[in-house]
Structures are given as C-alpha cells and as structure tokens.
Amino acid sequence: MSNPCRICVAGCGHWGKNLARNFHALGHLHGICERDPNRLREFSGRYPQARAYTTLKAALADSDVEAIVLATPAEHHASMALAALNAAKDVFVEKPLALEWEDGARMVAAAQRNNRILMVGHLLRYHPAILRIQELLTEGVLGKIEYIYSNRLSMGKIRREENALWSFAPHDISVILALLGQMPIQATATGGAYLQPNIADVTVSNLLFDYGVRAHIFVSWLHPYKEQRLVVIGSKQMIVFEDSRPDHKLQLYDKRIETKGGVLEAAKAEAIPVSFDSTEPLHAECRHFAECVQTRKIPRTPGEEGVQVLKVLQACQRSLQMSGEPVQVASLQAQTLQYL
C-alpha cells in the first residue's frame with residue numbers, strides 16, 4: 001500500500017481492542033473513540049500517535065478521519081453506521097451488521113448514496129482454512145455439496161443484548177451461504193434459555209436449500225469445552241475444519257460407499273491433512289478493509305452480504321420463538337428493499 005488509511009476504531013472493549021491492535025500493526029490506526037474515560041486513557045497510552053475521541057460525533061467531525069470501525073454493542077450498529085456513512089466515512093461494522101435486516105438495508109442504501117465502503121466483520125470468511133475449502137470446491141475435489149454442519153460451542157462470554165444464535169451463528173451462516181452460493185428456502189430453530197429469561201443460551205438451526213441440500217448450526221455459550229467445527233459433505237469427498245484443534249485443523253476424507261452382500265457400507269477413510277496459509281484471520285480482515293478504502297473495491301463481505309445473513313438470522317429467530325415451526329426465508333428474501 002502507498003499511504004496509510006486514517007481509520008478510527010470506535011469501541012475498545014472485548015473485541016475492539018483486537019481491531020485496534022491490528023490496525024495499529026498495519027499502520028492505519030488514526031484514532032480511538034471510547035466513552036469510558038479510563039479505557040480511553042489506557043488505549044491512548046498504548047497508541048500515543050492515535051487521536052482520542054470521547055464521542056462518535058467528535059470523530060465524525062474530524063475531516064482527517066477516512067473510515068470508522070464499529071466494535072460497539074449490536075443494538076447501536078445501525079444508528080452509528082448511518083451517522084458515519086452520512087458523514088462520508090467508510091464503515092466497517094462488527095457482526096451482526098444490525099439487529100433487523102431492514103436496518104441493514106438502510107445502511108446499504110446510505111453507503112450507495114454516499115459512495116462509501118460498507119463492510120461487515122464476518123471473520124470466518126477471511127480465515128485461510130475457509131478460503132482453502134472454497135478453492136477445493138472450485139477445483140471439484142469435494143464434488144457437489146450435499147450437507148454442511150457447524151458447531152460453535154464454548155463456556156464463553158454471556159451477553160444480555162443478544163442470544164447465542166445472534167452472537168455465534170453469523171460467522172457460520174456467512175460461510176454456508178458463500179459455499180453454497182444461494183439463500184436457504186426454509187429455516188427451523190429450537191433452543192433453550194437457562195441463565196436469563198428469553199435469551200437462548202443454546203440453539204440448533206436447520207436450513208433447507210434447493211435440491212435437498214441441508215445445513216445445521218449448533219451454537220452454545222453454555223458448553224463444558226470449546227469446539228469450533230465445520231463439516232462439509234460433498235458428493236466425492238468430505239472436509240472437516242476444526243479450529244479448536246492444536247494442529248491438523250483442516251482434514252480431507254474420502255467418501256466411498258461399497259456394496260457388500262447387497263448392503264451399503266461406508267468404507268473407513270483415513271484423514272488427509274490439508275495445509276493452508278497461517279495468516280491471522282483478523283489481520284487479513286483488517287488489511288482487506290484498508291485495501292478497500294484505498295482502492296474502492298467491493299469488500300468480500302459487503303453490507304449486502306450482511307443483510308442476507310440478517311434475513312437468515314431473523315428467520316431462525318422467528319422459528320425459535322415459535323418452538324421450531326418452519327419459516328420460509330423466501331418471504332423475507334422476496335420483500336423489496338424499499339430503502340435501496
């Protein structure tokens with residue numbers, strides 16, 4: 001890159017601190033916006049070259065700021081992103097893009113109207129292992145995808161403003177949509193709230209796609225151990241990405257079904273480790289956003305993709321509230337984006 005971007009990170013809490021670290025390492029951290037005075041003082045000491053802002057309004061009023069990175073609570077994403085886009089700033093929003101797909105559509109419209117970059121932080125889409133799976137699909141190694149499932153489990157950070165579905169599943173939904181290249185027809189979801197009323201700690205979502213392709217997503221922040229696993233079953237081979245493993249995170253399995261005495265049997269296949277780049281996903285994601293700001297290219301995860309993920313999340317949430325009744329995603333998908 002030629003000249004550094006002038007990026008301001010808004011929110012330096014649980015995840016924002018990691019974004020600030022990476023943009024600083026890339027030479028793009030121009031400012032920090034944080035309303036907690038003690039935290040602002042801490043980060044100003046850590047990054048003395050970065051300008052300090054106590055409010056987003058102050059950061060947006062600074063003409064030197066080119067782009068805003070939002071690592072704030074999800075309920076503030078839409079209002080803050082709209083303010084930044086209307087102030088002619090490029091915007092990176094941590095997942096989820098918003099809490100309603102209609103708000104996401106407003107954000108997309110504001111980005112288009114102001115000729116600004118809008119990118120959503122679906123981190124898994126920047127993971128080298130996911131990029132390798134996409135390469136194997138393109139090369140025909142896996143064949144046609146028949147089934148996908150993902151587990152994202154931990155005894156993790158428990159939130160008050162969103163349930164486990166909205167906290168954990170956006171990454172996996174984003175990857176599943178990218179691998180299949182289509183939206184699901186139908187979604188069903190069930191779950192349970194054990195720690196706080198009406199905030200699900202555990203959910204299982206099932207997605208039905210064209211030609212009988214299915215996917216399911218199991219998420220929980222009430223689990224005794226950490227597990228991050230994505231399994232893709234193809235017509236030729238199967239691949240497993242297990243990010244919680246210490247090594248051999250990506251493994252390929254042959255898919256051979258044999259007939260013995262008129263009975264179908266699955267031949268036991270040995271795992272073949274698949275190598276991939278060791279780049280830190282968050283570093284790659286931050287670098288990608290800076291490149292988009294500089295070159296004006298469309299991000300890998302633009303606002304439009306964020307809206308699609310929100311539609312699936314909302315369909316799952318609606319089903320969850322109806323105790324697992326199927327919800328037709330097409331009823332959301334077919335609605336005209338009146339804000340565009």
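The values are calculated or read from the model by the stated rules, or taken from the named source; none is laboratory data. None of the values given here were measured: they were computed from a predicted structure. For neighbour counting, all protein chains shown are included, and Cβ atoms are generated from backbone atoms with ideal geometry for every residue, glycine included. When the accessible area is computed, the model is the full protein with side chains, heavy atoms only, and any ligands, DNA or RNA have been set aside. Shrake-Rupley method; radii C 1.70, N 1.55, O 1.52, S 1.80 Å.
Name the residues whose placed amide hydrogens come within less than 5 Å of the amide hydrogen of Val93, ignoring near sequence neighbours (fewer than 5 apart) on the same chain.
Leu70, Met119, Val120, Gly121
Just in region 104-147: which trypsin sites (Lys or Arg not before Pro) are loop by DSSP and have at most 12 other Cβ atoms within 10 Å?
When the trypsin sites (Lys or Arg not before Pro) of region 104-147 are filtered for loop state and at most 12 Cβ neighbours within 10 Å, Lys144 remain.
Starting at the first residue of region 75-91, write each ³J(HN,Hα) from the Karplus equation 6.51 cos²θ - 1.76 cosθ + 1.60 with θ = phi - 60°, in whole Hz, x for Gly and Pro.
5, 9, 4, 5, 5, 6, 5, 4, 4, 5, 5, 6, 8, 6, 10, 6, 9
Which value, in debye to the nearest 20, describes the size of the charge dipole of the chain about its Cα centre when Lys and Arg Cβ atoms bear +1, Asp and Glu Cβ atoms bear -1, and nothing else is charged?
Working: 37 positive and 35 negative charges, 85 e Å.
The dipole of the chain has a size of about 400 debye.
Any idea which of Asn86, Ala52, Val69 is furthest toward the positive side of the dipole for region 1-89, if Lys and Arg beta-carbons carry +1 and Asp and Glu beta-carbons -1?
Projecting each Cα onto the dipole axis, the largest value belongs to Ala52.
For the chain, find the longest principal axis of its Cα atoms and tell me its angle to the long axis of helix 101-113, 0 to 90°, nearest 10.
Helix 101-113 and the main axis of the chain meet at about 50 degrees.
Pull out a ≥ b ≥ c, the square roots of the eigenvalues of the alpha-carbon gyration tensor of region 162-319, then state rounded if a/c is under 1.5, prolate if not and a/b is larger than b/c, and oblate in the remaining case. Walk me through the intermediate numbers first.
Details: a/c = 1.59, a/b = 1.21, b/c = 1.31.
It comes out oblate by the Cα gyration axes.
Angle between the Cα long axis of helix 128-138 and the longest principal axis of the chain, 0 to 90 degrees, nearest 10?
Orientation of helix 128-138: about 50 degrees from the principal axis.
How do Thr188, Thr138, Thr203 rank by accessible surface area computed with a 1.4 Å probe, from largest to smallest? If you can, show how the numbers build up before the last one.
On the way: Thr188 30, Thr138 120, Thr203 0 Å².
Heavy-atom accessible area, descending, gives Thr138, Thr188, Thr203.
How big is the Rg/Rh ratio for region 60-215, C-alpha atoms only, Rh by Kirkwood, two decimals?
Numbers: Rg = 17.7 Å, Rh = 17.5 Å.
Expressed as Rg/Rh, it is 1.01.
Compute the helix-to-body angle for 164-180: its Cα long axis versus the longest principal axis of the chain, expressed 0 to 90° and rounded to tens.
With rounding to tens, the tilt is 70 degrees.
Only four residue types carry charge here, +1 at the Cβ of Lys and Arg and -1 at the Cβ of Asp and Glu. Report the dipole size of region 1-158 about the Cα centre in Debye, rounded to the nearest 20.
Numbers: 19 positive and 15 negative charges, 69 e Å.
My answer is approximately 340 debye.
Roughly what % antiparallel, to the nearest 5, for the DSSP beta bridges in the chain? Provide the component values of the computation, followed by the final result.
Values: 41 of 67 bridges.
Beta bridges within the chain, antiparallel portion: roughly 60 percent.
Within the set of other residues whose C-beta is less than 13 Å from the C-beta of Leu310, count the net charge using Lys and Arg as +1 and Asp and Glu as -1. Don't jump to the answer; show the numbers that get you there.
On the way: positive: Lys95, Arg106, Lys311, Arg318; negative: Glu100, Glu102, Asp103, Glu162, Glu304, Glu305.
Charge balance near Leu310 sits at -2.
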